[in-house]
Amino acid sequence: MSAPTAPSLPSFPSFPPLLDQHCHGVLRVGPGRTSFEGYLTEAHVARGCDGGQGARAPFSYFDTQLGFAVRRWCAPALGLEPHCRPESYLERRAELGTGEVTRRLLRAGGISAFLVDTGLPGPLLTPGELAEASAGEAHEIVRLERLAERAADTARDAHGFLAEVSEGIREAARTARGFKSVVAYRCGLDVEPAPPGASRVHASADRWLSERPPGGRLSDPVLERHLLWSAVRTGLPLQLHTGFGDPDLRLDHCDPLLLTDFVRATAPYGTPLVLLHCYPYHRGAGYLAAVFPHVYADFGLTLSHTGARAHAVLGELLELTPFGKLLFSTDAYGLPELYLVGAQLFREAMTRLTSEWVARGEWSRSDAESVTAMIAGGTARRLYGL
Amino acid sequence: MSAPTAPSLPSFPSFPPLLDQHCHGVLRVGPGRTSFEGYLTEAHVARGCDGGQGARAPFSYFDTQLGFAVRRWCAPALGLEPHCRPESYLERRAELGTGEVTRRLLRAGGISAFLVDTGLPGPLLTPGELAEASAGEAHEIVRLERLAERAADTARDAHGFLAEVSEGIREAARTARGFKSVVAYRCGLDVEPAPPGASRVHASADRWLSERPPGGRLSDPVLERHLLWSAVRTGLPLQLHTGFGDPDLRLDHCDPLLLTDFVRATAPYGTPLVLLHCYPYHRGAGYLAAVFPHVYADFGLTLSHTGARAHAVLGELLELTPFGKLLFSTDAYGLPELYLVGAQLFREAMTRLTSEWVARGEWSRSDAESVTAMIAGGTARRLYGL
Amino acid sequence: MSAPTAPSLPSFPSFPPLLDQHCHGVLRVGPGRTSFEGYLTEAHVARGCDGGQGARAPFSYFDTQLGFAVRRWCAPALGLEPHCRPESYLERRAELGTGEVTRRLLRAGGISAFLVDTGLPGPLLTPGELAEASAGEAHEIVRLERLAERAADTARDAHGFLAEVSEGIREAARTARGFKSVVAYRCGLDVEPAPPGASRVHASADRWLSERPPGGRLSDPVLERHLLWSAVRTGLPLQLHTGFGDPDLRLDHCDPLLLTDFVRATAPYGTPLVLLHCYPYHRGAGYLAAVFPHVYADFGLTLSHTGARAHAVLGELLELTPFGKLLFSTDAYGLPELYLVGAQLFREAMTRLTSEWVARGEWSRSDAESVTAMIAGGTARRLYGL
């Protein structure tokens, strides 16, 4: 197969290497056209359960900032013109095959290290396979809810379950680089701040295990808090989903400011709390990062989904967030396109913002370079001990 | 009377025709200077009840983004220089007379179709008269609360009232293009999501009718939900006020995200829910439109009231909102100026945003044209069956 | 000592003089390097209590928009190159001495009048000394909570305490230009709107005085409301902290929209309510200013802390806020740098926004000048009777 290079993929020659501090795996096979679109949206369509789309309003999820960004940035990496038709793009994708598409898009992304939340289901590349396909390095982030659900799958009773969770977290603290929680999805972020007492945890475990259908999700708030505090006590960075995501969550219950009392309660431990995504509450996340030394902010899927507006959103994050507290990530899941788009949009947005500030005399050039390096990966390297 | 043309009214030659999917009527006569200013603000001043302005702070509602936009865009349509003094503008207005001013401003607006919420009081042009004055077409949107209040004016009892409401909605579904609700004003948007049971509806109707002063407004939350669900069951688009408006509402109770559970509950019906205005919660509205197939977003009075900042707000709406889910409207009420200003600000903001994206290579030119056509009216034509 | 002028300090020759309608004092001595950084952040670090910064994440509060803005704007005023290293800046500062640094920075700031909230502790210049150092004028704003806490320090009983508070407010109404409340910090802004009855106030005073540790802060919600209403009845402007500040507050409890019912309840009095800071809820503050004649908005520490993004935030404030309702201030505290930075960022942001609007034909030049003059100080002069 001929492998044309990507003549029109914009490049950022002096940009520092990226460390993607929050992402998921890439599909081993596919996806086809319908399911491809499903990965361009957080809506429950195509990718699985359909949320009930009315017959009156058919439309394509390619008609979004993310869809346009995929056609702009990824088409050249597959040897096509930017902004080619979705059909041509999907045809070329099928022609090249999943493996080749994955390799090309990942390598064009210029991401040298990945922290992979391995808690999502699906036939996904492992961190090791992702590392190989991208010629980078990859490390694991352990999702607390998945760890607990796996423990529940095999536990005989609450005692055994809690022992298994405890051992799982201890083990993860040895092998993984950090933890992740989706308490935002399961309970919202307005959690009680204090760690729950042992007897209450035991009673909640008992109740949950007895009521749990096979494969049932954890959403008990006491157990969630137990997981959060168990992670905090390890001292490893704890990533927390905040802001927008799929419609399983209520966005107004995912404002990171709802975590304020938990943030206060955990401050004495110094364990880094990393607020993921944050949109549209990213200014509040920046505030938390500004006034609490152990809080960090990330933009995750925000830049990818806002596309041509990424610089505007990144600009808002760069209002209050101290520059050493902001972390690049893509939140890529399923499609290798999401790595390339997330990386390019960040490079473009960051370059555009800092170029303007330097041109106007508001920042010095060396400050712009140093801040860019921090956000691209410098801070994450230090934070996760890479 | 001499009728100078408007030499300096900026034009957008290739812009598609506009469909104003949410507006009100235009005054038959007047207004005079004091009441004119009252139509430039959502405050309760001049237009009627005065909210208690202190003697210390007199100021003109011309000194707002909307006031400046009126002087910029409407003065040329009346043969004056842009940004002429308010006094000159009002003098010229009086000189030309209401009919001529209305015709000129409406025709300069370039809106070819109007969906008119006929639920506001006042000596306003009917949809038919609006159509004639503008040389466009006009259709009706039925305001649920007004329909219920009219039914209450003549009903003998709860049974008769509910039958009349039911018949009114059935009738409206035959003759109108959609429904509108101002539940945001009456109860806030944090409504219980499920349809209320028949006996509860009956009891609430009974209580409301017995306590209602003549002409009293509907604000009973059970009856509001009954109206909403009755409209949802017709399948016609349902417009919901969200975000800012006059001080009868509490803005923090009008965040469209408060509707999330109602949105989930109505998803199986596929009935389009159209979130109006949305500001300053428009990013949350974009999220709902992104993840729920039956949700649409509109910007209504937002662009008119933010004037020189309209492009910034529209840019934010174009972050998460799928391009086929965003709808132009003016929310114009009373003044024909509000049609022209809303239309020009949208054309300018949309042109500015997309030109920049095309110039930077982020969008293709044909995509920009196609998205503009969707928002200007293409999506609304499909949605309302025009 | 040689006193080089500041060759590269950008100037705004035609800009009207500034009235800083909300600020605090300047330190009499120091600060040193560590405590200097503490004044660049709202975090509880260095300046006093440390919030528990983890060993893993050392960073400098110079690495923030405010830190960069200080190096940009203040270095030239001390005879250094813009963006010089923090070490050089602090060295030069030590070399010149506090008095000289204060004089230079204040005079470079171009602020001709200051309204000083004297309720913060610390070895600070008095309003009179600030006036002298800056060659401007200074007036006092009385902080309600401080007034009450001082009364509590010496009161024998609730009766005496309330009499002292009452007398203190009467006296302040004769000598000061307005009042300030930090109810946001003490109770959040979701206060009951109505004035509390006399017996309830008495009982709360009784309880608070009996439980209060020496020097204890006022946070009783009934007493807070009593203070607010006592101030409202004087008719003098009442400044209210809203939006971000140090981590003693919960930011989500400081949304100015939470004050809506209090705003409604106070409307008949016409007493100006001035919402301070507002970020990131400044669009909601603009809404309140737009629909309630007695509400004003200020940006306070918002522009200083957002630095290179100040124009973006100011642009958002200029969406709904009527132009005669927006007030300049710096919220400067401790460092004279904060006056210069606040003033320069405002001048730059305002000039940039209005220049663009004039260039695009959206505003006329004379309107831009007139609005600038209002915000810079014209409205505040009228409001505070200067």
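The values are calculated or read from the model by the stated rules, or taken from the named source; none is laboratory data. None of these values were measured; they are calculated from a predicted model. Cβ: placed from backbone, ideal geometry, glycine included. Neighbour counts: every protein chain shown. To get the accessible areas, we keep the full protein, side chains included, count just its heavy atoms, and leave off ligands, DNA and RNA. Shrake-Rupley method; radii C 1.70, N 1.55, O 1.52, S 1.80 Å.
When you scan the range A:255-276, do you find a residue that is away from chain C (no Cβ under 13 Å) and assigned to a loop (DSSP other than H, G, I, E, B), even just one? Spell out how you get there, then give the answer.
First, pick out the residues of the range A:255-276 that are away from chain C (no Cβ under 13 Å): A:275-276.
Narrowing further to those that are assigned to a loop (DSSP other than H, G, I, E, B): none.
Scanning the range A:255-276, I find no residue that is away from chain C (no Cβ under 13 Å) and assigned to a loop (DSSP other than H, G, I, E, B), so the answer is no.
State whether one or more residues within the range C:326-336 are modelled with pLDDT of 95 or more and either in a helix (DSSP H, G or I) or among the basic types (K, R) (or both).
So far as the range C:326-336 goes, no, none of its residues is modelled with pLDDT of 95 or more and either in a helix (DSSP H, G or I) or among the basic types (K, R) (or both).
Is there a residue in the range C:302-318 that is among the hydrophobic types (A, V, I, L, M, F, W, C) and within 19 Å of B:S60 (Cα to Cα)?
Restricting attention to the range C:302-318, the residues satisfying the condition of being among the hydrophobic types (A, V, I, L, M, F, W, C) are C:303, C:308, C:310, C:312-314, C:317-318.
Narrowing the set further to residues that are within 19 Å of B:S60 (Cα to Cα) leaves C:317-318.
The answer is yes, given that some residue of the range C:302-318 is among the hydrophobic types (A, V, I, L, M, F, W, C) and within 19 Å of B:S60 (Cα to Cα).
Looking at A:G300, A:G243, can you tell me which residue is away from chain C (no Cβ under 11 Å), in contact (Cβ under 8 Å) with a residue 60 or more places away in the chain and at positive phi? Write out each step before concluding.
Values: A:G243 fails: in contact (Cβ under 8 Å) with a residue 60 or more places away in the chain.
Within the list A:G300, A:G243, the selection yields A:G300.
Consider B:L144 carefully, then state whether it is in contact with a Lys or Arg (Cβ under 9 Å, 6 or more places away or on another chain) and surrounded by 16 or more Cβ atoms within 10 Å (Cβ to Cβ). First the steps, then the outcome.
Details: in contact with a Lys or Arg (Cβ under 9 Å, 6 or more places away or on another chain): yes; surrounded by 16 or more Cβ atoms within 10 Å (Cβ to Cβ): yes.
Against the criterion (in contact with a Lys or Arg (Cβ under 9 Å, 6 or more places away or on another chain) and surrounded by 16 or more Cβ atoms within 10 Å (Cβ to Cβ)), B:L144 qualifies.
For residues in the range C:53-112 being closer than 28 Å to A:G286 by Cα and acidic (D, E), which is modelled with the lowest pLDDT?
Filtering first and then ranking leaves C:E87.
Cβ-Cβ under 6 Å, sequence separation 6+ or interchain: first residue in the range C:9-32 and away from chain A (no Cβ under 14 Å) and under 18 Å from C:D298 (Cβ atoms), partner part of a loop (DSSP other than H, G, I, E, B) and β-branched (V, I, T). Which pairs?
Partner pairs satisfying both residue conditions: C:D20/C:T330; C:C23/C:T330.
In the range C:277-297, how many residues are open to solvent by less than 10 Å² (accessible area, probe 1.4 Å), within 11 Å of chain B (Cβ to nearest Cβ) and not aromatic (F, W, Y)?
From the range C:277-297, those open to solvent by less than 10 Å² (accessible area, probe 1.4 Å) are C:277-279, C:282, C:284-289, C:291, C:293-297; that's our starting set.
Next, only the ones that are within 11 Å of chain B (Cβ to nearest Cβ) stay: C:282, C:284-289, C:291, C:293-296.
From the residues that got through so far, the ones that are not aromatic (F, W, Y) too are C:282, C:284-286, C:288-289, C:291, C:293-295.
The total comes to 10.
Cβ contacts < 6 Å: first residue at pLDDT 95 or above, restricted to the range C:158-174; second residue among the hydroxyl-bearing types (S, T, Y) and open to solvent by 40 Å² or more (accessible area, probe 1.4 Å), any location; separation 6+ or different chain. Result?
Within 6 Å, the pairs are C:A173/C:T234.
Take the residues in the range A:251-261 that are under 16 Å from A:C278 (Cβ atoms) and out of contact with any strand residue (DSSP E or B) (no Cβ under 8 Å at 6 or more places or on another chain); name whichever of them is surrounded by the most Cβ atoms within 10 Å (Cβ to Cβ).
Of the residues in the range A:251-261, the ones under 16 Å from A:C278 (Cβ atoms) are A:251-260.
Checking which are out of contact with any strand residue (DSSP E or B) (no Cβ under 8 Å at 6 or more places or on another chain) leaves us with A:251-253, A:257-258, A:260.
Working: A:L251: 23, A:D252: 19, A:H253: 15, A:L257: 22, A:L258: 20, A:T260: 25.
In this case the residue turns out to be A:T260.
Does B:V295 satisfy the condition of being out of contact with any helix residue (DSSP H, G or I) (no Cβ under 7 Å at 6 or more places or on another chain) and on the phi < 0 side of the Ramachandran plot?
Details: out of contact with any helix residue (DSSP H, G or I) (no Cβ under 7 Å at 6 or more places or on another chain): no; on the phi < 0 side of the Ramachandran plot: yes.
No.
Can you pull out every residue in the range A:175-190 that is among the charged types (D, E, K, R) and within 14 Å of the chain's Cα centre (by Cα)? Even if it seems obvious, please write down each step before you answer.
Residues of the range A:175-190 among the charged types (D, E, K, R): A:177, A:180, A:186, A:190.
Selection gives A:K180 alone.
Residue under question is A:A376, and the condition is that it be in contact with a Pro (Cβ under 7 Å, 6 or more places away or on another chain), within 27 Å of A:A75 (Cβ to Cβ) and in a helix (DSSP H, G or I); does it hold? Let's see the steps before the verdict.
Numbers: in contact with a Pro (Cβ under 7 Å, 6 or more places away or on another chain): yes; within 27 Å of A:A75 (Cβ to Cβ): yes; in a helix (DSSP H, G or I): yes.
So A:A376 fits the description; yes.
Please verify whether the range C:11-19 includes one or more residues that are in contact with a strand residue (DSSP E or B) (Cβ under 8 Å, 6 or more places away or on another chain), at pLDDT below 95 and open to solvent by 50 Å² or more (accessible area, probe 1.4 Å).
If we filter the range C:11-19 for residues that are in contact with a strand residue (DSSP E or B) (Cβ under 8 Å, 6 or more places away or on another chain), which is where we start, we get C:17-19.
Those left that are additionally at pLDDT below 95: C:17.
The next check asks that each one be open to solvent by 50 Å² or more (accessible area, probe 1.4 Å); those that pass are C:17.
Looking for residues that are in contact with a strand residue (DSSP E or B) (Cβ under 8 Å, 6 or more places away or on another chain), at pLDDT below 95 and open to solvent by 50 Å² or more (accessible area, probe 1.4 Å), one finds at least one in the range C:11-19, hence yes.
Quick one: which of C:L106, C:L96 is over 22 Å from the mean Cα position of the chain (by Cα) and either open to solvent by less than 30 Å² (accessible area, probe 1.4 Å) or not acidic (D, E) (or both)? Spell out how you get there, then give the answer.
On the way: C:L106 fails: over 22 Å from the mean Cα position of the chain (by Cα).
Only one candidate passes the filter, namely C:L96.
Has the range C:219-230 got any residue that is in contact with a Lys or Arg (Cβ under 8 Å, 6 or more places away or on another chain), open to solvent by 30 Å² or more (accessible area, probe 1.4 Å) and not in a helix (DSSP H, G or I)?
Yes, the range C:219-230 contains a residue that is in contact with a Lys or Arg (Cβ under 8 Å, 6 or more places away or on another chain), open to solvent by 30 Å² or more (accessible area, probe 1.4 Å) and not in a helix (DSSP H, G or I).
Taking only the range B:29-41 into account, find how many residues are touching a helix residue (DSSP H, G or I) at 6+ places or on another chain (Cβ under 7 Å) and modelled with pLDDT of 90 or more. Break it down stepwise before answering.
Within the range B:29-41, the subset touching a helix residue (DSSP H, G or I) at 6+ places or on another chain (Cβ under 7 Å) is B:29-30, B:33, B:36, B:40-41.
Pick out the ones that are also modelled with pLDDT of 90 or more and you get B:29, B:36, B:40-41.
Going through the range B:29-41 one residue at a time, the tally reaches 4.
Suppose the filter is open to solvent by less than 20 Å² (accessible area, probe 1.4 Å) and away from every other protein chain (no Cβ under 12 Å); does B:T354 pass it?
Working: open to solvent by less than 20 Å² (accessible area, probe 1.4 Å): yes; away from every other protein chain (no Cβ under 12 Å): no.
Spelling it out, it is not the case that B:T354 is open to solvent by less than 20 Å² (accessible area, probe 1.4 Å) and away from every other protein chain (no Cβ under 12 Å).
How about the range B:180-208: which of its residues are more than 14 Å from B:A148 (Cβ to Cβ), open to solvent by less than 40 Å² (accessible area, probe 1.4 Å) and in contact with a Pro (Cβ under 8 Å, 6 or more places away or on another chain)?
Of everything in the range B:180-208, those that are more than 14 Å from B:A148 (Cβ to Cβ), open to solvent by less than 40 Å² (accessible area, probe 1.4 Å) and in contact with a Pro (Cβ under 8 Å, 6 or more places away or on another chain) turn out to be B:L189, B:V191.
Condition test on A:E348, is it assigned to a helix (DSSP H, G or I) and farther than 25 Å from A:P272 by Cβ?
The answer is yes for A:E348.
Being among the hydroxyl-bearing types (S, T, Y) and either more than 30 Å from C:I375 (Cβ to Cβ) or surrounded by 15 or more Cβ atoms within 10 Å (Cβ to Cβ) (or both) is the requirement here; does C:T154 meet it? Walk me through how you get there before you give the answer.
Numbers: among the hydroxyl-bearing types (S, T, Y): yes; either more than 30 Å from C:I375 (Cβ to Cβ) or surrounded by 15 or more Cβ atoms within 10 Å (Cβ to Cβ) (or both): yes.
So C:T154 fits the description; yes.
Which is crowded, with 24+ Cβ neighbours inside 10 Å, touching a helix residue (DSSP H, G or I) at 6+ places or on another chain (Cβ under 8 Å), within 10 Å of chain A (Cβ to nearest Cβ) and of a type in the set (D, E, K, R), of B:E337, B:E362? Working first, answer last.
Values: B:E337 fails: within 10 Å of chain A (Cβ to nearest Cβ).
After applying the criteria, what remains is B:E362.
Answer yes or no: is there a residue in the range C:303-316 that is in a loop (DSSP other than H, G, I, E, B) and open to solvent by less than 10 Å² (accessible area, probe 1.4 Å).
Taking the range C:303-316 and keeping what is in a loop (DSSP other than H, G, I, E, B), we get none.
No: zero hits.
Among the residues of the range B:365-381, write down those that are crowded, with 20+ Cβ neighbours inside 10 Å and in contact (Cβ under 8 Å) with a residue 60 or more places away in the chain.
B:T372, B:A376, B:G377, B:T379, B:A380 - these are the residues of the range B:365-381 that are crowded, with 20+ Cβ neighbours inside 10 Å and in contact (Cβ under 8 Å) with a residue 60 or more places away in the chain.
Picking from C:V116, C:V165, which residue would you name as being within 15 Å of the chain's Cα centre (by Cα), crowded, with 21+ Cβ neighbours inside 10 Å and not small (G, A, S)? Talk me through it step by step, then tell me what you get.
On the way: C:V165 fails: within 15 Å of the chain's Cα centre (by Cα).
Selected residue: C:V116, the only one of C:V116, C:V165 that is within 15 Å of the chain's Cα centre (by Cα), crowded, with 21+ Cβ neighbours inside 10 Å and not small (G, A, S).
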